[in-house]
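What follows is a short report on a single structure.
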Amino acid sequence: MQKRGYFITFEGIDGCGKTTQLENVQKYLEENGIECVTTREPGSLKLGSQIREILLHYDGEVANNCEMFLFLADRAQHVETFIKPMLERGITVLCDRHTDSTIAYQGYGRNGNIKMLQDLNSIAVNGLVPDLTLLFDVSVEIAHERAGKNLDRLELAGKEFFERTRHGYLELAKNNPNRIKLINAEKSKESVYNDVKSLIIDLTGKG
Ligand code: Z5A
């Protein structure tokens with residue numbers, strides 16, 4: 001029977017450099033004969049891209065619970081119609097943001113109810129848990145410099161919001177040491193990639 005693919009998620013505050021490293025990992029896996037696909041939350045599918053448009057660019061008021069349910073709705077669709085089928089076919093899935101983003105942003109960032117968000121996340125993923133989560137940690141100042149000046153609706157939330165979100169991520173890493181690997185992402189891209197690569201080798205045995 002074909003082995004299930006690996007499910008690897010990439011997390012951190014905006015501008016931490018996770019998308020850059022996701023592309024490096026995709027290249028590395030392909031070079032080492034591991035078939036993989038890349039995807040993201042919110043909004044990698046047709047329905048999800050419409051949700052993403054609302055989440056990032058809607059110019060009216062969005063209630064916190066509305067925002068939360070939109071992220072969760074996107075995730076439920078993404079997991080059932082894309083991520084699980086890929087994994088079952090033996091294909092590795094590299095996902096830019098997943099459940100930890102909801103806990104860090106809607107939970108810690110927006111001061112939401114963490115326990116409730118964990119429960120709702122469980123419904124959205126229906127038993128799926130990443131094999132590995134790479135958490136790219138940078139200061140809010142460095143992240144904002146890297147993210148640049150074209151800020152979307154969420155990025156306009158302010159420095160304190162991102163400090164709380166970063167703290168939330170660090171708490172998640174502390175509480176899930178087997179799954180979430182904390183990476184110092186303030187270093188050069190090459191140096192961060194060396195750390196990432198050794199974690200990927202630990203997981204896949206390739207390299
Ligand atoms: N969100 C949420 O609230 N709840 C949820 O459940 C989910 C998401 C799933 C999605 O934004 C927003 O949705 C996000 C969280 C929220 N935002 N907020 N606020 P997005 O998908 O549009 O973007 P993002 O995921 O926040 O970030 P990004 O644009 O993909 O950037 P990144 O992945 O963090 O970084 P990057 O693109 O790899 O790098 C940014 C720049 O830095 C780029 O120019 C790189 O060349 C440079 N870079 C990268 N690494 C380095 C190093 N090591 N040194 C120097 N420069 C570097």
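Return yes when ASP195 is free of Cβ contacts under 8 Å to residues at least 24 places away in the same chain and surrounded by 15 or more Cβ atoms within 10 Å (Cβ to Cβ) and no when it is not. In short, yes. Look at (1) in a helix (DSSP H, G or I); (2) under 15 Å from THR39 (Cβ atoms) and you find that PHE69 fails only one, number (2).
Condition first: surrounded by 13 or more Cβ atoms within 10 Å (Cβ to Cβ) and either assigned to a helix (DSSP H, G or I) or within 11 Å of the ligand (Cβ to nearest atom) (or both). Now tell me which residues in segment 25-46 satisfy that.
Within segment 25-46, VAL25, GLN26, TYR28, LEU29, ARG40, GLU41, PRO42, GLY43, SER44 meet the criteria.
Restricting segment 6-24 to residues that are open to solvent by 40 Å² or more (accessible area, probe 1.4 Å) and within 7 Å of the ligand (Cβ to nearest atom) leaves a set whose member that is farthest from ASP131 (Cα to Cα) is THR20. Within segment 13-31, residues that are over 21 Å from TYR169 (Cβ atoms) sit with their Cβ atoms under 7 Å from residues that are crowded, with 16+ Cβ neighbours inside 10 Å and of a type outside the set (D, E, K, R), at 6+ positions apart or across chains, in these pairs: GLN26/CYS36; GLN26/THR38; GLN26/LEU94; TYR28/ILE200; LEU29/CYS36; LEU29/THR92; GLU30/CYS36.
Filter segment 56-71 for residues that are open to solvent by less than 40 Å² (accessible area, probe 1.4 Å) and more than 12 Å from the ligand (Cβ to nearest atom) and give the result. I'd like the intermediate steps shown before the answer.
Start the filter on segment 56-71 by keeping residues that are open to solvent by less than 40 Å² (accessible area, probe 1.4 Å), which leaves 56, 60, 62, 67-68, 70-71.
Residue satisfying the conditions is GLY60 alone.
Restricted to segment 72-101, and to residues there that are more than 14 Å from the ligand (Cβ to nearest atom) and in contact with a helix residue (DSSP H, G or I) (Cβ under 8 Å, 6 or more places away or on another chain), the residue that is nearest to ASN126 (Cα to Cα) is VAL93. All told, ASN111 meets the bar of being within 14 Å of the ligand (Cβ to nearest atom), of a type in the set (S, T, N, Q) and exposed (fewer than 15 other Cβ atoms within 10 Å of the Cβ). No other residue among LEU132, LEU128 is touching a helix residue (DSSP H, G or I) at 6+ places or on another chain (Cβ under 6 Å) and surrounded by fewer than 18 Cβ atoms within 10 Å (Cβ to Cβ) apart from LEU128.
The values are calculated or read from the model by the stated rules, or taken from the named source; none is laboratory data. Bear in mind the structure is a predicted one, so any value in this text is a computation, not a measurement. Note: ideal-geometry Cβ built from the backbone for every residue, glycine included; neighbour counts use all protein chains shown. Only protein heavy atoms, including side chains, enter the accessible area calculation; ligands, DNA and RNA are left aside. Shrake-Rupley method; radii C 1.70, N 1.55, O 1.52, S 1.80 Å.
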